[in-house]
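Below is one structure, written out as structure tokens; comments come after it.
The values are calculated or read from the model by the stated rules, or taken from the named source; none is laboratory data. Quick caveat: nothing in here was measured; it's all calculated off a predicted structure. In this analysis, Cβ positions are derived from the backbone assuming ideal geometry, glycine residues included, and neighbour counts consider all displayed protein chains. Heavy atoms of the whole protein, side chains included, go into the accessibility calculation; ligands, DNA and RNA do not. Shrake-Rupley method; radii C 1.70, N 1.55, O 1.52, S 1.80 Å.
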Amino acid sequence: MALDAALHVFRAIGEETRLRIMVLLIRGELTVSEITAILGQSQPRVSRHLKILADAGLAERHREGAWMFYRAASGGDAGGEDDDDAARRAVVEAAAALAASGDRLLARDGERFEQTRLARAAQAAAYFEENAQEWNRLRSLHLPEQDIEARILSLADDRQMSLFIDMGTGTGRMLEIFAGHYAAAIGYDLSHEMLSIARANLDRAGITTAQVRHGDILALPLENGAADCVCLHQVLHFLVDPGAAVMEAARLLKKGGALIISDFAPHELEFLREEHAHRRLGFSDTEVEGWCEASGLKLDKVETLSPASGETQKLTVKIWRCLA
Ligand SMILES: C[S@@+](CC[C@H](N)C(=O)[O-])C[C@H]1O[C@@H](n2cnc3c(N)ncnc32)[C@H](O)[C@@H]1O
């Protein structure tokens, strides 16, 4: 059995395009159409290769609305040792070594992978630059807003914070509602338009303990363990790699500090991708818990806020509290 199982895995990877795809998936999660664009091959062909990789347990997939996401399988580290786990691990290790090898074709795939990510991020950034003035109205279109802010604050447990960080602060709303709980706060955002509105909002509210800065939430210029509380409010569904933002938040937290994430539960409003730059259609508790575990955080509380009945375009909102 062990020989058959290993052969199944090695046959699946023993083809140039599939090996290239595997190296791409080691770099990060991608949709079928992104992989198609990177490789310059037809979608049916790429889908066939992906199916072979998935059937051999080398790739994991999940469908979300019209998009299918693929990533390299994490199997093997989870403890259970099947006959083919060793073969899969060997393939994943070989693909990781190839990704770093400097091979010309793989390096070009790697450049296209980065360009794809940058293009996705640029699309979302353009959306925020265009819609900054409208953001407060747009946000309330899909959120049952009345309760959310109170629930978010209650999850902060009245903790007094020396430093509160709002990642992807937008118009600075979280800095406003947390004011009074922190001695100092910084909101980071990549959109200059959003930041100038946030500054005006803080001025208008007379909040002098918070400031906003231009910065990428995946790499913030702050020391490890600098913050008592970090907030990611309605940000993760725009990101190519939400787990990386959770990892960065975890890095910033003091021991015992809290990360508060508010985002959508899984939903099917596909038009939010086209019209509002969403990449992900919400997140399950399991997915959030996985990011927490990978970042050394413990998911400690989950709140679910459903829209009032009859509200067809409003979405269920989740708030997850994760402790460092
Ligand atoms: C949907 S808005 C949410 C804003 C705010 N948290 C709120 O709830 O009103 C998402 C914000 O994240 C920002 N953003 C997205 N990716 C970012 C990144 N990598 N670094 C910093 N800000 C980012 C966008 O510019 C945008 O202002």
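Determine one quarter of the surface area of the Cα convex hull of region 114-173, which equals its mean projected area, and express it in nm² to one decimal.
6.0
How far, in nm, would the chain grow between Glu287 and Arg63 when pulled straight, counting 0.36 nm per residue and subtracting the alpha carbon separation?
Full extension of this stretch gives 79.3 nm more.
Which whole number of Å³ per residue matches the convex hull of the alpha-carbon atoms in region 142-263?
100
Quantify, in whole percent, the carbon and sulfur part of the accessible surface of the chain (1.4 Å probe; protein heavy atoms only).
51
Report, to two decimal places, the Cα Rg of the chain normalised by 2.2 N^0.38 Å (N = number of residues).
In units of the globular-protein estimate, the chain measures up at 1.07.
List, in the order given, every pair from Lys254/Lys301; Lys254/Lys318; Lys254/Lys298 whose Cα-Cα distance in the structure shown is over 21 Å.
Lys254/Lys318
Roughly how many Å² is the accessible area per residue of the chain, as a whole number, for a 1.4 Å probe?
With all protein chains present, the chain gives 46 Å² per residue.
Output the DSSP H helices from the chain with an along-axis C-alpha extent of no less than 20 Å and a mean Kyte-Doolittle hydropathy no less than -0.5.
The answer, listed by residue number, is 85-99.
Please report, in Å, the Rg and the Dmax of region 2-101, where both are computed over Cα atoms only.
According to the Cα coordinates of region 2-101, Rg and Dmax are 13.0, 38 Å.
If each residue of separation counts as 0.36 nm, what is the full-extension length gain between Ala100 and Arg199 once their alpha-carbon separation is subtracted?
31.4 nm
Contact order normalised by length for the chain, with contacts defined as Cα pairs under 8 Å and 6 or more residues apart; what percent is it?
14
In debye, nearest 20, what is the charge dipole magnitude of region 2-101 about its Cα centre with +1 on Lys and Arg Cβ and -1 on Asp and Glu Cβ, if you could check?
520
Can you pull a Stokes-Einstein diffusion coefficient for region 273-324 at 20 °C (1.002 mPa s), Rh from Kirkwood over Cα pairs, as a whole number of µm²/s?
So the translational diffusion coefficient is about 168 µm²/s.
Answer with one residue from Ala6, Val91, Leu24: the one whose Cα lies farthest towards the positive end of the charge dipole of region 2-101, charges on Cβ with Lys, Arg +1 and Asp, Glu -1.
Of Ala6, Val91, Leu24, it is Leu24.
Please report the antiparallel percentage of DSSP beta bridges with both residues in the chain, rounded to the nearest 5.
The antiparallel proportion sits near 50 percent.
I need the semi-axes of the equivalent ellipsoid of region 212-324: take the C-alpha gyration tensor, multiply each eigenvalue by 5, square-root it, list largest first in whole angstrom.
Over the Cα atoms of region 212-324, the semi-axes work out to 26, 16, 12 Å.
Scattering from the C-alpha atoms of region 216-264 alone, worked out with Debye: what is log10 I(q)/I(0) at q = 0.14, 0.15, 0.18, 0.22 1/Å?
For region 216-264 at q = 0.14, 0.15, 0.18, 0.22 Å⁻¹, log10 I(q)/I(0) is -0.31, -0.35, -0.50, -0.74.
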